[in-house]
Amino acid sequence: MSSSNAVLSPLLSLPGAVAAEAPDEGVAAHYGDLFKEQRALADGTGFVDLSHRGVVTVSGDDRLSWLHLLLTQHMTELPPGQSTEALILSANGHIEQALSLVDDGETVWMHTEPGKQGELIAYLESMRFFYRVEIADRTDAFAVVHLPAGSIAEVTGAAAVRETAYGRDVFLPREELRAFAEAHGPAVGVLAYEALRVEAHRPRLGMETDHRTIPHELGWIGTAVHLDKGCYRGQETVARVQNLGKPPRRLVFLHLDGSEVKIPVHGDAVRLAAGGTSRPEAGGGAEGRQIGFVTTSARHHELGPIALALVKRNIPVDAPLIAGPDATAAAQETVVQP
């Protein structure tokens, strides 16, 4: 997933800033000290520039009831100021969009992956029909910044704020980014943000997903998918998997061997190691059989090298694994139960 058309953040001019690579072009990967930046976030200080993310708003009297028909989340009674997550699925139940939302009483503010806002708006416009809604791409005018959990920073002038267990996502007029950085520094790069996301087992569209990912595989049931509602595209797949309890894959957290110079990256194969299962029903076989792939990896300031990965559902939770071209040893920690 690439956001090659991303607008460069003015905060890339801050001292020490190193530009991030795909899918996070346009903002800083770090500002010179990755682990110091991670510790700052963990301690509830600093902020993360997420101004490369797409910002879309939906306003109008019918906005909540209309979004309720399109999204996996229960929207009709969403109180003003309460944050939520939601997905848009294909007709076959595969994840197409992952949205972070909040309603301010008049407008639903949402942010999505860099470069995905055009696709999102095209779908919303195609489903507009006779509903009283107004859809707008606000990416050029508003930027997202993240304040970590525990931050006591007071924010003024924000268009909207999403309060979550992991911190606050602030929708800020883009021209105020520099002033925000001066008031709420130190700035923290997206690599630190991603490391803490991996630690928290939180999936990300385009990293933990591919063209056939369904919500059950990533543990998005309950947080982004409401099981007591219907009337959305892909619902049949969600209901069937919920009733049968057998998604084809499951998200796992990996503790990687810290002695390796390089760590596996997104897309690298995850394989059974020596001593792994040989039971056919568990997807086993000879050592080296590929049973999944790395989705996101990171170097954590306390845990060392870590990763998220998608593996076959029936691989035993204690099976020893190896990851990447250097066969890095990887110990599983269960995220989604088999």
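Brief remarks follow.
- DSSP-defined antiparallel bridges as percent of all bridges, the chain, nearest 5: 95 percent
- By the rule of a C-alpha distance below 19 Å, with chain neighbours fewer than 8 residues away ignored, the aspartates and glutamates paired with Lys36 are Asp49, Glu182, Glu194, Glu199, Glu302.
- Global form of segment 159-310, assessed from the alpha-carbon gyration tensor, a/c cut-off 1.5: oblate
- Under the shape rule built on the C-alpha gyration tensor, where the axes satisfy a ≥ b ≥ c, the chain is oblate, since a/c reaches at least 1.5 while a/b does not exceed b/c.
- Each Lys and Arg contributes +1 and each Asp and Glu -1, all at the Cβ; summed about the Cα centre of segment 155-269, the dipole is approximately 440 debye.
- Ligands, DNA and RNA excluded, the heavy atoms of Met110 present near 0 Å² of accessible surface to a 1.4 Å solvent probe.
- Counting only whole DSSP H helices of the chain, there are none at least 20 Å long by C-alpha along their axis and with mean Kyte-Doolittle hydropathy no lower than 0.0.
- MRE, 222 nm, helices only [DSSP H, n ≥ 4, -39500 (n - 2.57), over the chain, to nearest 500]: -5000 deg cm²/dmol
- In the context of the full protein assembly, His30 retains an accessible surface of approximately 50 Å², using a probe radius of 1.4 Å and ignoring ligands and nucleic acids.
- Ligands, DNA and RNA excluded, the heavy atoms of Tyr232 present near 20 Å² of accessible surface to a 1.4 Å solvent probe.
- Length-normalised contact order of the chain in % [C-alpha pairs under 8 Å, at least 6 apart]: 18 percent
- Cα-based reach from Lys229 at 25 Å (exclusive), listing lysines while leaving out same-chain residues under 8 positions away: Lys246
The values are calculated or read from the model by the stated rules, or taken from the named source; none is laboratory data. Note that this is a predicted model, so its numbers are computed, not measured. Using ideal geometry, Cβ is built from the backbone for each residue, glycine included, and neighbour counts are taken over all protein chains shown. Ligands, DNA and RNA are stripped out before the accessible areas are found, and what is left, the full protein with its side chains, is counted by its heavy atoms. Shrake-Rupley method; radii C 1.70, N 1.55, O 1.52, S 1.80 Å.
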